[in-house]
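I have placed the structure first, in the form of structure tokens, so that the comments after it can refer back to it.
The values are calculated or read from the model by the stated rules, or taken from the named source; none is laboratory data. Because the structure is a prediction, the values reported are computed rather than measured. Every residue, glycine as well, gets a Cβ built from its backbone with ideal geometry; the counts of neighbours run over all protein chains shown.
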Amino acid sequence: MENTKKTEGQIEQERLCYKKKNYFEEADKNTCKKIFDYAEGYKAFLDAGKTERESCEVAIKLAKENGFSEFKFGDSLKAGDKKYFVNRNKSIALFKIGTDPLERSGIRLVASHIDAPRIDLKQVPLYEDSGMCFFKTHYYGGIKKYQWTAIPLALHGKVILLDGKEIDINIGEDKNDPVFCITDLLPHLGREQMNQPVSKMIEAEQLNVLAGGIPFEDKELKEKVKLNVLKLLNEKYGMNEEDFLSSELCVVPAFSARDVGLDRAFVGAYGHDDRVCAYPAMTAIFESESTKTVMSLLVDKEEIGSEGTTGMQCQIYADLMEEICEALGANFRKVRALSKCLSADVTAGFDPSFASVYEKMNAAIISCGTCMNKFTGSGGKSSSSDASAEFVGEIRKAFAKAGVIWQMAELGKVDIGGGGTIAKYIARLNIDTVDLGVPVLSMHAPYEVISKADLFSNHKAFLTFFEYNA
Ligand code: MN
Ligand code: MN
């Protein structure tokens, strides 16, 4: 007994010092089971949707299964309603109308994104060279280009034919499908390439996707391999080369989500950023018994600056909130002043192999729970919305009460780099907003890694955020 008694110093240390907690270590058997079970649903969500269109479709399906019905501008609303609103098949808002008056509690918002870095086909993509047919591409979002060579790739997207017919394309996910790939140089001839800076090792115009190699049977013709590929596309989808003009075709990794590690602590997959927040944003709203009006936003175009009609900068999301206010007879200005938002996006997990870019005390440590970033941005908090101490204090209190294991961090050393999220576009509406999301290893790579403990912590944090009383 005497030996296990804490010293006065130990007691004081526990009382006074901030220490991050490893969620796997803190969790009892029952919680550990929940952590692992929850990851199974998430992996299925990842495999079912690799583009914003597909993730949006899966979200609609899950929403319907959970008793949500579609909302259109002008519809009436009442307390207890469970609704989803779709923006151009690429982003979705799910919301529940609470019993609390909007003008007293505002809207509790969790805002994530479902687009991910990838490689898009150009609008005139097909060409033939040296007996092979390729797609020319233009990458989407911030990628390290060399990471996308020599891995199996799938083709996802939509083609609009001249008569308006919509063709959905998904090649490379079924195990009987062929896949695609971007070839790289063999090391034997790579001496010059490997002396280049990594950013020059593979250039954007070298990201050409191998798409075929059998010539059309006709001795007279040139570009016979390309013609044969077009013939196959025509037979299967009824399209011709000009139809690529009105297409959105995305090249994404062809692998599925898998457990990583002997103890299966991690999930490796394409597109954790930011589906690792989008999925918990949905499950939290399904489970929430909040008396407040709650909303989960899954938006598009975050990876290229939140622009366009489906990005967070579009007016449609404020319009939706205004529609909800009108339908319930509430003043939008009053409601948004009372509303609160978690900008649900990932952050960089501390990687000991690259320790020099992190300041460890303020880095997100894997498995220590979902991570709050009070501010993002770069070089002196530039372009960050920087949440207030009051708002962070309010969330901190709610998490403490609910027993959420979470951590505070920032993205790497000061002046080393940086990044932003959609937080600032929501804060702009006069809504208190702070970033919260899962630490990711190898972020923006074709295969990213997250901890199952952090994933579950994220879900619990969102649920707590929806339900707590200030
Ligand atoms: Mn993100
Ligand atoms: Mn990102």
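A few remarks follow.
- Here GLY164 meets each of (1) touching a Lys or Arg at 6+ places or on another chain (Cβ under 7 Å); (2) without any contact (Cβ under 8 Å) to a residue 12 or more places away in the chain; (3) not charged (D, E, K, R) with one exception, condition (1).
- The listed residue being more than 16 Å from ligand 2 (Cβ to nearest atom) and at positive phi, out of GLY393, GLY379: GLY379
- Note on the stretch 383-442: residues that are within 16 Å of ligand 1 (Cβ to nearest atom), part of a loop (DSSP other than H, G, I, E, B) and either basic (Lys, Arg) or surrounded by fewer than 20 Cβ atoms within 10 Å (Cβ to Cβ) (or both) total 3.
- Looking only at the stretch 61-88, residues that are surrounded by 13 or more Cβ atoms within 10 Å (Cβ to Cβ) and at positive phi come to 1 in all.
- Filtering the stretch 217-256 to residues that are assigned to a loop (DSSP other than H, G, I, E, B) and either under 32 Å from the mean Cα position of the chain (by Cα) or surrounded by 15 or more Cβ atoms within 10 Å (Cβ to Cβ) (or both) leaves GLU223, MET239, ALA254, PHE255, SER256.
- Checked against (1) surrounded by 17 or more Cβ atoms within 10 Å (Cβ to Cβ); (2) more than 18 Å from SER247 (Cβ to Cβ), PRO187 passes all but condition (1).
- Checking each residue in the stretch 146-168 for being within 16 Å of ligand 2 (Cβ to nearest atom) and surrounded by fewer than 20 Cβ atoms within 10 Å (Cβ to Cβ) picks out only GLN147.
- If the condition is being buried (at least 18 other Cβ atoms within 10 Å of the Cβ) and either outside any helix (DSSP H, G or I) or within 16 Å of ligand 1 (Cβ to nearest atom) (or both), then the stretch 314-326 contributes only CYS314.
- Search result, residues across the stretch 236-277 that are of a type in the set (D, E, K, R), under 18 Å from CYS56 (Cβ atoms) and away from ligand 2 (no atom under 16 Å from the Cβ): GLU248
- Hits in the stretch 108-129 - residues which are of a type in the set (A, V, I, L, M, F, W, C) and surrounded by fewer than 23 Cβ atoms within 10 Å (Cβ to Cβ): LEU121, VAL124, LEU126
- The listed residue being out of contact with any Gly (no Cβ under 9 Å at 6 or more places or on another chain) and at pLDDT below 95, out of LYS219, LYS236, LYS231: LYS219
- Residues in the stretch 327-348 that are more than 16 Å from ligand 1 (Cβ to nearest atom) and within 30 Å of the chain's Cα centre (by Cα) were compared, and the one that is surrounded by the fewest Cβ atoms within 10 Å (Cβ to Cβ) is ARG333.
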